[in-house]
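This report refers to the structure that appears directly beneath it.
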Amino acid sequence: MIVVLGVASVAVGVLIGMPPFAYIIIGLLIAVPTLVYVYKPRENVLTNAKALVAFFGATAATLLIIQFIPYGKDHSNPPVNGEPAWSSPRTRKLMVNACFGCHSNSVEYPAYASIAPISWMVQSHIDKGREEVNYQEWNSRQGEAEETIEVIEDGSMPPSYYTMFGKHPEDRLTNAEITELIAGLLATEGMNEND
């Protein structure tokens, strides 16, 4: 039963894009106390119920302890350093809806982004997004900007975990909006490989 719960936890973590360090911390904080309890010599035989109590106790303690890890708790945004000269206000609005949740300095953190390990996942996604391309750091070199159109066309952005389960419905662009956005990006300098 404990193995099944562990595998299910890893599967959910992969599905929602949990950062690698989170697996290590959570795994150690849950596995170590559980294994100590399971393999501790005693005269009573360990029952499945006692093992589950140990596992869930370790899980509850872990969830409490990880709240004190500061990563993902600072929700300040760096100052805006310039944006592209968008071809139209509509192009910017579509980009704000679809991309600024991770690729800008104007990220609006959801309320649940203060609770670990969710805060770790949110911050990891934002850090990675800003590293790839930041549409509000345009005065700095943005090496991946010319791939913007490609990732929108192939559907890899926004990533499926970002809009899964009804999250961020404003980021789900219709086919007509995607076509409109791509046309606007083609007319925006620096957004395609031909510039």
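Does Ser76 fit the bill of being in a loop (DSSP other than H, G, I, E, B) and without any contact (Cβ under 8 Å) to a residue 12 or more places away in the chain? Full working, then the answer.
On the way: in a loop (DSSP other than H, G, I, E, B): yes; without any contact (Cβ under 8 Å) to a residue 12 or more places away in the chain: yes.
So Ser76 passes the test.
Please find, among Asp171, Asp195, the residue that is outside the structural domain of His103 (by TED's automatic domain parsing) and modelled with pLDDT under 75. Give the steps one after another, and end with the answer.
Values: Asp171 fails: outside the structural domain of His103 (by TED's automatic domain parsing).
Within the list Asp171, Asp195, the selection yields Asp195.
Could we say that Gly101 is over 16 Å from Pro79 (Cα atoms), assigned to a loop (DSSP other than H, G, I, E, B) and not aromatic (Phe, Trp, Tyr) here? Steps first, please.
Numbers: over 16 Å from Pro79 (Cα atoms): no; assigned to a loop (DSSP other than H, G, I, E, B): yes; not aromatic (Phe, Trp, Tyr): yes.
The answer is no for Gly101.
Would you check which residues across the range 179-191 are modelled with pLDDT under 90 and out of contact with any Ser or Thr (no Cβ under 8 Å at 6 or more places or on another chain) and list them?
Correct list: Glu189, Gly190.
The values are calculated or read from the model by the stated rules, or taken from the named source; none is laboratory data. Since we're looking at a predicted model, the values are computed, not measured. Glycine gets a Cβ as well: all are built from the backbone with ideal geometry, and neighbour counts include every protein chain shown.
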